[in-house]
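The values are calculated or read from the model by the stated rules, or taken from the named source; none is laboratory data. Quick caveat: nothing in here was measured; it's all calculated off a predicted structure. So basically every Cβ, Gly included, is an ideal-geometry build from the backbone, and we count neighbours across all protein chains shown. Calculation scope for accessible area: heavy atoms of the full protein, side chains included, ligands and nucleic acids excluded. Shrake-Rupley method; radii C 1.70, N 1.55, O 1.52, S 1.80 Å.
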Amino acid sequence: MIQLLFTVLAAEAAVAATLLFKTPLRKLTVLALDSLKRGRGPVMVRTVAATVLVVLASSLHSMSQIRGHADGELDGAGVVGLTPTDQVLIARHMLEASLMGYSLFLALVIDRLHNYVKEIRRLKKNLEAVSKQNKTMLEEPNRGISKESEHDQKDISDAKKGA
């Protein structure tokens with residue numbers, strides 16, 4: 001299970017990195033996440049996240065049980081401590097719990113990054129449309145003024161010729 005968690009963590013880190021930096025893979029990643037968020041995807045993701053959360057809670061509970069079991073035992077010198085087997089078990093549970101926690105956290109980070117990237121894209125499109133519209137609105141009066149000034153200059157030149 002630890003190897004699986006390391007693999008999931010590495011894959012999530014790679015997805016988060018592609019969302020952070022503007023690379024050609026970012027667009028593919030956003031498209032993949034968009035398709036994942038359609039249909040049954042959100043239900044599946046929530047189910048997997050809930051399952052991982054339950055396993056994380058189970059691992060934390062096992063660690064507390066081992067600690068509680070060790071508190072009740074005295075070794076030959078009268079000192080309370082963990083046996084080597086308990087130490088190994090706690091270390092393994094601690095590693096599993098931390099990997100599951102990091103995985104859930106990275107899933108949340110990926111979801112937020114995906115939303116931010118989509119929002120930035122939408123805002124850039126709106127900004128380009130507004131700036132284009134603003135530019136055309138600024139150019140229209142200038143064109144009208146230049147045409148009017150050309151008419152005025154023609155009228156003035158015609159008047160000078162007639163006089």
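Tabulated data
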quantity	calculated
Heavy atoms of His61: accessible area, 1.4 Å probe, square angstrom to 10	110
Karplus (6.51, -1.76, 1.60) ³J(HN,Hα), θ = phi - 60°, over region 27-35, in Hz, Gly and Pro reported as x	5, 5, 5, 5, 5, 5, 5, 4, 5
Simple Cβ-charge dipole of region 1-73, Lys/Arg +1 and Asp/Glu -1, about Cα centre, in debye nearest 20	620
